[in-house]
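What follows is a single structure, written as structure tokens, with notes after it.
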Amino acid sequence: MNVTIGNLFYGSEGWAAMDDAGFQAYKGESSELVMEDRPEIDRTPGGDGTNLHMANFLAACRSRNVKDLRGPVSNERLSSDLCHLANISYRTGHRLNLGPGPRFTGDAEADKMITRQSYRKPYIIPEKV
């Protein structure tokens, strides 16, 4: 997988690469391929997996039936979180290590960027209980 624009994830047992062409996970020092997924591709000119995803999402909105979605909304939240985390890394200008919470390990500057200090009413995020 030749990732030029995408995400690389490094873990204690391997690493993974993800971009519009799909997802690949590698394990161990030998980087053995252990998982691979390639999305359905929109074959129209200029099309990609995003077009099909958005069409499915809009169709489910119109039908008002969550069962029409090809995947759970929780997947979409994780996808958007990855974009936000990458943006925080870009803004801080250095590599970040994600810990539980989510919080960044040893980086108070990056932690401040996880959420806003204030929100515009009525779009207020309640404090966790």
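Averaged per residue, what accessible area in Å² does the chain show with a 1.4 Å probe, protein chains only? If you can, show how the numbers build up before the last one.
Values: 10720 Å² over 129 residues.
Solvent-accessible surface per residue comes out at 83 Å².
E36 contributes about 90 Å² of solvent-accessible surface, heavy atoms of the protein only, 1.4 Å probe.
For segment 49-115, the relative contact order is 19 percent, taking Cα pairs closer than 8 Å that sit 6 or more residues apart in sequence and dividing their mean separation by the residue count.
Apolar share of the accessible surface for the chain: 54 percent from carbon plus sulfur atoms, 1.4 Å probe. In the chain, the calculated helix contribution to ellipticity at 222 nm averages -10000 deg cm²/dmol per residue, counting -39,500 (n - 2.57) for every DSSP H run with n ≥ 4. Ranking H53, L33, F9 by Cα position along the charge dipole of the chain, where only Lys, Arg, Asp and Glu carry charges on their C-beta atoms, puts H53 farthest toward the positive end. In the complete set of protein chains, residue-level accessible area for Y119 is approximately 80 Å², probe 1.4 angstrom. Using a probe of 1.4 Å, the accessible surface attributed to S63 totals some 60 Å² when neighbouring protein chains are kept in position.
Select one label from [x] 1.01; [y] 0.98; [z] 0.92: the one whose number is Rg/Rh (Cα atoms, Kirkwood Rh) as derived from the coordinates shown. Matching entry in [x] 1.01; [y] 0.98; [z] 0.92: [x].
Quick one: putting +1 on the C-beta of Lys and Arg, -1 on the C-beta of Asp and Glu, what dipole do you get for the chain around its Cα centre, in Debye to the nearest 20? Could you put the intermediate results ahead of the total?
Working: 16 positive and 17 negative charges, 169 e Å.
So the magnitude is around 820 debye.
Across the chain, the relative contact order, built from alpha-carbon pairs under 8 Å that are at least six residues apart, equals 9 percent.
The values are calculated or read from the model by the stated rules, or taken from the named source; none is laboratory data. Remember, it's a predicted structure, so these values are computed and weren't measured experimentally. Because the Cβ atoms are built from the backbone with ideal geometry, glycine has one as well, and the counts that use them run over all protein chains shown. For the accessible areas, the whole protein counts, side chains as well, though only heavy atoms, and no ligand, DNA or RNA atoms are used. Shrake-Rupley method; radii C 1.70, N 1.55, O 1.52, S 1.80 Å.
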